[in-house]
Ligand code: SF4
Ligand code: SF4
C-alpha cells in the first residue's frame, strides 16, 4: 500500500497500486497491450489498482450504488476522479474493466501480489486470497515506478493444504485444478459453492482480511450467473475470472 499520491484511493479501499513503465514490461505483454489498446503511443505507464480486504466493499455500500456491478462502477468512478485531480487532462485509457484481453495475473506477478493457489485465485502472505484487481489504465504519467514485492508463496509451506481437502467437488485432488469439475459442482442444486468457494474459505492465510459474507455472496453469485449465461450462449462472452 502507499500513501501520498494514492491516498484518496487508499481511503476508499482501493489500497493496492502498482505503476509499471511500459518500456520495461515483458515484450509479449507489451505486444498484447498494444494490440488491444490500438497502440501504446502517447502513454508512458500502466497503473494497476486493486483492493485488499473488505474496505472497498464497505465504501461501495456507503455510496449506495445499485446496478449489476457496483464494485466496477464505484472503482472506475473513484479512479477516474483521482486521476483527474492528480493529472488533469493527461491522456489515459482504461484497459480494465473492459473486454480487451489483459493478463491481470501476469501483472500481479510482476507486482509481487500474485502467487498461484491450488484453486487458481491469486494468493500472497499478507492478504491471503482476499485481494483483487479493480482497474488498469494506460497513462501518460511520470509516477515513481513501484518496486515489486518479494515474498514466497504461502502454499509452498502449507501443511496439509486444507483448501484441497475442503473442496466438495475434489476439483484439485488430481494435482491440478479441474475447472470443469468445479463448474459442474457449482451448478448442482445442492451446491455449497453457488455463492462462495469452500476451498478459499478453508485457507488459513490472511483470514483477518477476508471479505465480508455479503461481498463473497455477491462475487460468487455473479460469477455463477455469468457461467450460466455463457453455457446458454457460449459465443456471448467468457465468464470473468473470479476474485
Ligand atoms: S490452504 Fe494452503 S495450499 Fe491452499 S491456498 Fe491456502 S496456503 Fe495455499
Ligand atoms: S468453488 Fe467449490 S468446487 Fe470450485 S474450487 Fe472452490 S470449493 Fe471447489
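Are any of the residues in segment 181-191 within 8 Å of ligand 2 (Cβ to nearest atom) and part of a loop (DSSP other than H, G, I, E, B)? Give the steps one after another, and end with the answer.
Within segment 181-191, the subset within 8 Å of ligand 2 (Cβ to nearest atom) is 181-183, 185-186, 191.
Then drop every residue that is not part of a loop (DSSP other than H, G, I, E, B), which leaves 191.
Yes, the conditions are met somewhere in segment 181-191.
Here's a check for you: in segment 153-171, which residue that is near ligand 1 (Cβ under 6 Å from one of its atoms) and crowded, with 19+ Cβ neighbours inside 10 Å is nearest to residue 205 (Cα to Cα)? Show your work before the answer.
Taking segment 153-171 first, the residues near ligand 1 (Cβ under 6 Å from one of its atoms) are 154-155, 158, 161-163.
From the residues that got through so far, the ones that are crowded, with 19+ Cβ neighbours inside 10 Å too are 154, 163.
Values: 154: 7, 163: 11 Å.
Per the criteria, the residue is 154.
Checking the condition under 30 Å from residue 79 (Cα atoms), away from ligand 1 (no atom under 15 Å from the Cβ), surrounded by fewer than 18 Cβ atoms within 10 Å (Cβ to Cβ) and not assigned by TED's automatic domain parsing to the domain that holds residue 72, which residue from 218, 150, 209 passes? I'd like the intermediate steps shown before the answer.
Numbers: 218 fails: surrounded by fewer than 18 Cβ atoms within 10 Å (Cβ to Cβ); 209 fails: away from ligand 1 (no atom under 15 Å from the Cβ).
Of the residues listed, the single one that is under 30 Å from residue 79 (Cα atoms), away from ligand 1 (no atom under 15 Å from the Cβ), surrounded by fewer than 18 Cβ atoms within 10 Å (Cβ to Cβ) and not assigned by TED's automatic domain parsing to the domain that holds residue 72 is 150.
Determine, yes or no, whether residue 103 is within 19 Å of the chain's Cα centre (by Cα) and at pLDDT below 95. Walk me through it before giving the result.
Details: within 19 Å of the chain's Cα centre (by Cα): yes; at pLDDT below 95: yes.
Taking the combined requirement at face value, the residue satisfies it.
Condition first: within 19 Å of the chain's Cα centre (by Cα), exposed (fewer than 14 other Cβ atoms within 10 Å of the Cβ) and in a helix (DSSP H, G or I). Can you find one or more residues in segment 228-237 that meet it? Quick ask: steps written out before the conclusion?
Looking only at segment 228-237, we keep the residues that are within 19 Å of the chain's Cα centre (by Cα), and these are 237.
If we keep only those that are exposed (fewer than 14 other Cβ atoms within 10 Å of the Cβ) too, we end up with 237.
Going one step further and asking which of them are in a helix (DSSP H, G or I), we end up with none.
No, segment 228-237 contains no residue that is within 19 Å of the chain's Cα centre (by Cα), exposed (fewer than 14 other Cβ atoms within 10 Å of the Cβ) and in a helix (DSSP H, G or I).
Looking only at segment 154-177, which residues are in a loop (DSSP other than H, G, I, E, B) and near ligand 2 (Cβ under 9 Å from one of its atoms)?
Residues of segment 154-177 in a loop (DSSP other than H, G, I, E, B): 154-161, 167-177.
167, 168, 169, 170, 171, 172, 177, listed by residue number.
Can you pull out the residues in segment 1-51 that are without any contact (Cβ under 8 Å) to a residue 60 or more places away in the chain, part of a loop (DSSP other than H, G, I, E, B) and more than 18 Å from residue 102 (Cα to Cα)?
1, 3, 11, 13, 15
Taking residue 95, is it in the same structural domain as residue 29 (by TED's automatic domain parsing), away from ligand 2 (no atom under 16 Å from the Cβ), touching a residue at least 40 places away in the same chain (Cβ under 8 Å) and under 30 Å from residue 164 (Cα atoms)?
Taking the combined requirement at face value, the residue does not satisfy it.
Restricting the search to segment 103-113, which residues are buried (at least 21 other Cβ atoms within 10 Å of the Cβ) and part of a loop (DSSP other than H, G, I, E, B)?
Result: 113, single match.
The values are calculated or read from the model by the stated rules, or taken from the named source; none is laboratory data. What you are looking at is a predicted structure, and each value in this text was computed from that prediction instead of being measured. For neighbour counting, all protein chains shown are included, and Cβ atoms are generated from backbone atoms with ideal geometry for every residue, glycine included.
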